[in-house]
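Read the structure below first, then the notes.
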Amino acid sequence: MPARRCSSSSSAPALAAVLLALLSGCSSTADFGRLNPVLVTDDIHAWVGQEAATSVGAPISAYPLTDDERTLRDLAFPLIEPPYDRLRWDAVVLEYGTKESFRRKLWVSDNTAYYQHLEATFHRSSTARYNQMIDDIRNDIVRIEPFFAAARRVLDLDRRREAAVQRAIGLSPSEQANARARVGENSLTIAWVYHSLQERCAGYRFALDRLAVGEPEPGAAQADLVLAQLQQDVAANEVVPAPRLAGAAPASPVTK
């Protein structure tokens, strides 16, 4: 079924190659936490849009992704997954979205999780905890502009798509439904990223406040500055209305 191709058995050959590469010593991440290019396929993150639609019970389009839609999903994923998951040895498995427990975890709102991770991982150095937080926040800041630039392109093209649906003669109900479903997927993906960034800012703030109380360091001031920058950048990029993202309701694929 096209709408579920990312989670179906059709992804098995690609994942088998990925696991073979990992077992042979190939790291899943390259410089700056980016996914190793040898482990990437074109539609590795196609499931992101489908998951966003599933969260509100919206239909899933059977149309193929455009280049801009694929880019939107590729840039969305690092802003949706927890920042500390990008350095896992099996991060590529998460990228493919085949691990159901990971997909469900993406919808869990827990502002304490980031702080708990810092305390558990960098337990020998307060300075290391602050530095890690600053690096994670800066990485988010760097990723925001490219994502929302892609989001604005996709939204503009979707407005043109909707106009084309209105004026086109002889479109079948299925063609109209697939077009509208893709518009919904795109908008919901953008909303998901915005929601995730808000949650991430809350997690950073919780962690910073706790560190400033329990482990005061000069790095707290720098962390506060970069967090303020992130919050400003997020607030400046609310480009779609915020739906109720639940991650629970079943989605219905649209047939061709």
Contact list please: Cβ distance under 6 Å, first residue in region 80-97 and modelled with pLDDT under 65, second residue among the β-branched types (Val, Ile, Thr), pairs at least six apart or on different chains. 91/29
Return yes or no: is residue 209 free of Cβ contacts under 8 Å to residues at least 60 places away in the same chain and either over 14 Å from residue 234 (Cα atoms) or more than 17 Å from the chain's Cα centre (by Cα) (or both)? yes
Odd one out for residue 181, checked against (1) in contact with a Pro (Cβ under 6 Å, 6 or more places away or on another chain); (2) over 25 Å from residue 55 (Cα atoms); (3) of a type in the set (A, V, I, L, M, F, W, C): (2)
Quick check: is even one residue across region 25-35 modelled with pLDDT of 50 or more and either closer than 30 Å to residue 241 by Cα or not in a helix (DSSP H, G or I) (or both)? yes
Enumeration of residues in region 203-246 that are assigned to a helix (DSSP H, G or I), surrounded by fewer than 16 Cβ atoms within 10 Å (Cβ to Cβ) and small (Gly, Ala, Ser): 214, 221, 228, 235
For region 154-176, which positions are surrounded by 14 or more Cβ atoms within 10 Å (Cβ to Cβ) and within 25 Å of the chain's Cα centre (by Cα)? 154, 155, 157, 158, 161
Determine which single condition residue 101 fails, assuming it passes every other condition in (1) surrounded by 12 or more Cβ atoms within 10 Å (Cβ to Cβ); (2) closer than 22 Å to residue 47 by Cα. (1)
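The values are calculated or read from the model by the stated rules, or taken from the named source; none is laboratory data. Predicted model only: the values in this text are computed from it and were never measured. Counting neighbours? That spans all protein chains shown, and the Cβs are built from the backbone with ideal geometry, glycine included.
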